[in-house]
Every structure is written in C-alpha cells, then in structure tokens.
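A quick write-up on the structure given underneath.
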Amino acid sequence: MQTPSGHPVDPAPGVRLVVLASGGGSNLAALLSAHDDAAYGARVVGVVSDKPDAGALDLARDAGVASVAVAPGEFPDRGAWNAGLAEAVEVFRPDWVVLAGFMRILAPEFLARFPGRVVNTHPALLPSFPGAHGVRDALAYGVRVTGCTVHVVDDGVDTGPIVAQAAVPVLDGDDEASLHERIKVAERSLLVETVGRVAREGLRVDGRRTSLG
Ligand code: GAR
C-alpha cells in the first residue's frame, strides 16, 4: 500500500502514530528521536500537514517517514478538506493521531473517523488560555505560572479530557517568544513521555477524568 505521495506505508509492528503539524515541528522531532528505541513502544508512521512548506514535513523526510500535505486551498470547503485530511491520515492506519502544533480545528466528522484516538499538545495549562494564542494570552493575563497540556481532542477548542500537564514559571521580562521557548522544552518531554505511556499502557477516559495503564 502507498501513501498519496507514493511512499510505501511503514509496515513496522507496534503502536502506530500519525503526527499532524503545521509548523517547524520541534515536538515532532522529539517524537522522531524517541521512536527509534524499540522500548518506546510506538512509531511515527506518517506526518500530515495543512501547509506544504511546513518544516515538519522536512523533518519527516529527513527521518525517512512518509509525509503528505493536505492544504485547505485545494478543497472547495472545510468539510471536503476534513474528509481529504481524514483519508490521508487513514492511509497510515494509525492507532493514535497526535496533533503537535497543528493550527486548525478538526471537524466532528474527522474526529469520528478516529474516535477517542486523537491527542493534542497545547502551550498553556488548560482550561486556561485555549485557542491559537495560548502563550500570548497567558502572558497578557499576567499569570505567574503557565505550562503545557496533553489532552484528548473532542469537538470543542482545547476542551477535551486532560491526560498530562507540566507547569512552567513566567519570568520577569518574558516576552511571548522567550516564554514559548521554555514551554516548548517542557512540552517536548511531556508529549514524548505521555504518548509513549498511552501507547504502551493504554488510556482510559471516564467523563473528564483520564488514567493511564
Ligand atoms: C507548540 O508549542 C504547540 O503546543 C503549539 O504550537 C507549537 C508548535 O511547535 N500548538 C498550539 O498552539 C495549538 N493551539 P512545533 O512546531 O515546534 O512543534
């Protein structure tokens, strides 16, 4: 079987991860560093972006992981794009879909194709500061502690059940860029550890409460 870009679909055994990313992909890079260790228990088998020029796609190519861009501009409407995106992801037969800096809202129709199997990393301590500007909004509010959250994706914007969080202090003199860089350091560790545990141990969701193992 082949991906839309003509790559063979990675047949490797183990838990299969498809990563969706819009940007530079430092979180993806952390997952790619972890997945070569068989003990990690999960492999990134595909990377999908909404942006054909996303750095994340270059990282995937460099790591020998199949990748594809599914740009909204190539579809007549949001529904068609979501359907196209779901098809591109489904080709990789993912056990889990990981949103790592994916800056678009997924439609319920997309999520229904991977029920309870989509997780997202967000650069704030949810439920505070959801949305596209979590770091900026936390800084503007004046919080002294912010951080990052890995959560299951539901139909809302960053509203799904929380799996793991890490706190990061806001320092005097921080601007959005400096704070985001420190959050990303914590975020990469949290994402790699949490996704690995989800893959190896499984994730149970009971209402808003989640448990690993
Ligand atoms: C990460 O901080 C991620 O949490 C954030 O984008 C960054 C991507 O960095 N996502 C969101 O803000 C989603 N609302 P990366 O491309 O270097 O992994």
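Among the residues making up the stretch 124-145, none is more than 20 Å from the chain's Cα centre (by Cα), open to solvent by 60 Å² or more (accessible area, probe 1.4 Å) and touching a residue at least 40 places away in the same chain (Cβ under 8 Å).
Open to solvent by 30 Å² or more (accessible area, probe 1.4 Å), in contact with a strand residue (DSSP E or B) (Cβ under 7 Å, 6 or more places away or on another chain) and among the β-branched types (Val, Ile, Thr): is that true of Val185 in this structure? Taking the combined requirement at face value, the residue does not satisfy it. Of all residues in the stretch 167-174, at least one satisfies being among the acidic types (Asp, Glu), away from the ligand (no atom under 11 Å from the Cβ), at pLDDT 95 or above and over 28 Å from Val198 (Cβ atoms).
Note on the stretch 91-110: among residues that are open to solvent by less than 60 Å² (accessible area, probe 1.4 Å) and closer than 28 Å to Ala167 by Cβ, the one that is nearest to the ligand (Cβ to nearest atom) is Gly101. Of the residues screened, Pro123 is not one that is touching a strand residue (DSSP E or B) at 6+ places or on another chain (Cβ under 6 Å) and over 19 Å from Asn27 (Cα atoms).
In the stretch 92-121, the residues that are free of Cβ contacts under 8 Å to residues at least 24 places away in the same chain form Cβ pairs under 7 Å with partners that are among the aromatic types (Phe, Trp, Tyr) and more than 16 Å from the ligand (Cβ to nearest atom), at six or more places apart or across chains, as follows: Arg117/Trp96.
The values are calculated or read from the model by the stated rules, or taken from the named source; none is laboratory data. Since this is a predicted model, take the numbers as computed values, not measurements. With ideal geometry, Cβ positions are generated from the backbone for all residues, glycine too; neighbour counts draw on all protein chains shown. For the accessible areas, the whole protein counts, side chains as well, though only heavy atoms, and no ligand, DNA or RNA atoms are used. Shrake-Rupley method; radii C 1.70, N 1.55, O 1.52, S 1.80 Å.
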